[in-house]
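The values are calculated or read from the model by the stated rules, or taken from the named source; none is laboratory data. Owing to the predicted nature of the structure, the values given are computational and were not obtained by experimental measurement. Note that each Cβ is placed from the backbone with ideal geometry, even for glycine, and that neighbours are counted across all protein chains shown. Accessible surface is based on the protein model in full, side chains and every heavy atom, while ligands, DNA and RNA are left aside. Shrake-Rupley method; radii C 1.70, N 1.55, O 1.52, S 1.80 Å.
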Amino acid sequence: MTKHEYNNHPPAAITIDGQALAGADVLAVARHAAQVTLGDEARRRIQGARSLIDQITEENRRVYGVTTGFGHLSRVRIPHDQLAQLQQNLLRSHAAGVGDPLSVEVVRAMMLLLAASLARGHSGVRAEVVELLLAMLNARVHPVVPSRGSVGASGDLAPLAHLALVLIGEGEAEYDGRRFTGNEALRRAGLQPLALHAKEGLALINGTHMMEAIAILALADAQTLIRTAEVACAMSIEGLKGSHVPLDERIHRLRGQRGQQISAARMRHMVRNSEINVSHRDCPRVQDPYTLRCAPQVFGAVRDAIDFCAGVFERELGAVTDNPLLFPEQGDVLSGGNFHGQPLALALDMLAIALAQLAGFSERRIFSLLGPNDWDEGGAPLFLTPNPGINSGFMIAQYVAAALVNEIKILAHPASIDSIPTSAGMEDFVSMGATSANKLRQITEQTQQIVAIELLCAAQMLDFRKPLKPGKGVQQAHKLVRSYVPMLDHDRQLAPDITAMAQAVNDGVFNVIE
């Protein structure tokens, strides 16, 4: 486990006190409904920044988004008696998202990240705003947030506007398994909507919280996927009577790549004490296909990419991505560009590319497992079925994997290399990181399905190798697969098997295999 990997014991409760969140905190709230409270230090920071906003409005100073319009309309001065209306109109006008709603776990992560950013005391909202966000989380009031509409530059404006509308009793939210208006959802949960004050609408929508929410969730899934893919590959090596020599520590020490050495060590440990390996020690085959022989090199490259992305995503967990930013100690209000999603966009695209390689790598081993293998005498029958012809076995499972890999390759095209100017040219280069994030969610799910298919095929091949036993770790993995899905001894629907195994991959059950 690397320094970035999250443990399987999420905290039951979290206190936001202005500190950087941990990835485990986000997972605990998003996936395990951990309770969240606002700490005293955060309240002090929030109040300090709010006092500066109150001073600005009283003095009628010209400050972007506080006493002016937004984007290209920043030249428009707003009268004092319309400052609250400005913030409310901002949420309404920016709630223009389309597409399927984001999942509950993504919305919960967004809410937590937004609250934590506001609580760092550089945004100028009142404590009541953060408290309502946390109360909604704790009561499981989840805004309905369309997934499309952000260009990932001036913050995730459209998605966050849909989220924020519920705080003022508008928009839609899910509560107790049903969808209501924002006002009704709050009422049923015993909560009251807010009337926004100066700067608060802008602070609620001007951040990278959708991109970052998806990034942290996908990062955890990618960390699980690489470990599970290594398990599946070790099973395939044993099932295909692959050589253990390419896992030798000396080979990987010579290259010095960190991820490669970790992957080789894990797989070497999983295939230890293998009876199957002993059985083909004197076979005439000199080298295996790359997807067996070069597994540590490819897995290691994916590991290193995941580690790089983890650094980017986890630094963002302590960020304030609002604009303008307040520095109460100096009395300064600075307009900048922390809302720009480029750091996240590039890393999201990199993670998508890494998972695309993982998926394609797995599909090629699935193909090899189904045969025919002219380099393996006494192997399994074609398509891993006891009676090929009358049975088709896993034939179509490989078709499915191939179809998924094709789609993943298309989705892995980087969104961050594109830019379409917005806001009458004021926002002349945008990150498109939200597109990167949405694509990554789909790639992650489909890669889980491909690795699940490899686990099923590799386990089936190992059944045909009996009574020879594979390495100790592979034995554990085979037993785990069989605890979910029985051996395919005659044709049946494979979709339920793949679904069950993909869920096991998603749940991280193979992380225990060493």
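Summary of values
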read-out: Residue check for residue 348: under 21 Å from the mean Cα position of the chain (by Cα) and either among the hydroxyl-bearing types (Ser, Thr, Tyr) or surrounded by 21 or more Cβ atoms within 10 Å (Cβ to Cβ) (or both); value: yes
read-out: Neighbours by Cβ (under 8 Å, 6+ apart or cross-chain): first from segment 67-80, more than 19 Å from residue 203 (Cβ to Cβ); second open to solvent by 20 Å² or more (accessible area, probe 1.4 Å) and in a helix (DSSP H, G or I); value: 72/423; 72/424; 72/425
read-out: Any hit, segment 467-488, residues being closer than 24 Å to residue 396 by Cβ, open to solvent by 10 Å² or more (accessible area, probe 1.4 Å) and touching a Ser or Thr at 6+ places or on another chain (Cβ under 9 Å); value: no
read-out: Condition check for residue 139: buried (at least 24 other Cβ atoms within 10 Å of the Cβ) and either more than 19 Å from the chain's Cα centre (by Cα) or of a type in the set (D, E, K, R) (or both); value: no
read-out: From 504, 495, residue being under 25 Å from the mean Cα position of the chain (by Cα), surrounded by fewer than 24 Cβ atoms within 10 Å (Cβ to Cβ), more than 28 Å from residue 390 (Cβ to Cβ) and of a type in the set (Gly, Ala, Ser); value: 504
read-out: Unique match (being over 24 Å from residue 512 (Cβ atoms), open to solvent by less than 10 Å² (accessible area, probe 1.4 Å) and part of a loop (DSSP other than H, G, I, E, B)) among 190, 207; value: 207
read-out: Odd one out for residue 50 among (1) assigned to a loop (DSSP other than H, G, I, E, B); (2) over 24 Å from residue 224 (Cα atoms); (3) of a type outside the set (Val, Ile, Thr); value: (1)
read-out: Residues that are open to solvent by 20 Å² or more (accessible area, probe 1.4 Å), part of a helix (DSSP H, G or I) and farther than 23 Å from residue 216 by Cα, drawn from segment 82-130; value: 82, 84, 85, 86, 88, 89, 92, 93, 94, 127, 128
read-out: Considering residues of segment 424-436 that are touching a strand residue (DSSP E or B) at 6+ places or on another chain (Cβ under 9 Å) and in contact (Cβ under 8 Å) with a residue 60 or more places away in the chain only, the residue surrounded by the fewest Cβ atoms within 10 Å (Cβ to Cβ); value: 429
read-out: Residue match in segment 153-165 (condition: part of a strand (DSSP E or B) and at pLDDT 95 or above); value: no
